[in-house]
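Novice: Below is the structure I would like to discuss, written out as structure tokens.
The values are calculated or read from the model by the stated rules, or taken from the named source; none is laboratory data. Owing to the predicted nature of the structure, the values given are computational and were not obtained by experimental measurement. Every residue, glycine as well, gets a Cβ built from its backbone with ideal geometry; the counts of neighbours run over all protein chains shown. To get the accessible areas, we keep the full protein, side chains included, count just its heavy atoms, and leave off ligands, DNA and RNA. Shrake-Rupley method; radii C 1.70, N 1.55, O 1.52, S 1.80 Å.
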Amino acid sequence: MDGHDLLTISEVATRSGFAASALRFYESQRLIEAQRSPGGRRWYERSVLRRLAFIRAAGNVGLTLDEIRVE
């Protein structure tokens, strides 16, 4: 994977429609994963956008975060 396959938290927030704080929360809940730079910046794989779309859809039909985590 090269650097073009990674997105910053602000790019993911813009593309997904989730606030950056929601992305940090979902990461803390182990719903999504981020890689960290040596300086601590979060970098997300593009596939996280599909995962976030799933989280949004699952929440819209009433699934809890625990149910989404199990998937």
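Novice: What are the pairs, 6+ residues apart or on separate chains, where a residue within region 50-64 that is among the charged types (D, E, K, R) has its Cβ under 9 Å from a residue that is open to solvent by less than 70 Å² (accessible area, probe 1.4 Å)?
Specialist: Taking only residues 6 or more apart or on different chains, the pairs are Arg51/Tyr26; Arg51/Leu31; Arg51/Ile32; Arg56/Ser16; Arg56/Gly17; Arg56/Phe18.
Novice: If you don't mind, there's one more thing I want to ask. Anything in region 14-39 that is in contact with a Phe, Trp or Tyr (Cβ under 7 Å, 6 or more places away or on another chain), open to solvent by less than 40 Å² (accessible area, probe 1.4 Å), in contact (Cβ under 8 Å) with a residue 12 or more places away in the chain and more than 18 Å from Val70 (Cβ to Cβ)? List them, or say none.
Specialist: Across region 14-39, the qualifying residue is only Ala34.
Novice: I would also like to ask the following. How many residues does region 40-71 hold that are open to solvent by less than 90 Å² (accessible area, probe 1.4 Å), on the phi > 0 side of the Ramachandran plot and at pLDDT below 95?
Specialist: 1
Novice: Let me ask you something else. Looking at (1) farther than 22 Å from Asp5 by Cβ; (2) in contact with a strand residue (DSSP E or B) (Cβ under 9 Å, 6 or more places away or on another chain); (3) not hydrophobic (A, V, I, L, M, F, W, C), find the lone condition where Asp66 falls short.
Specialist: (2)
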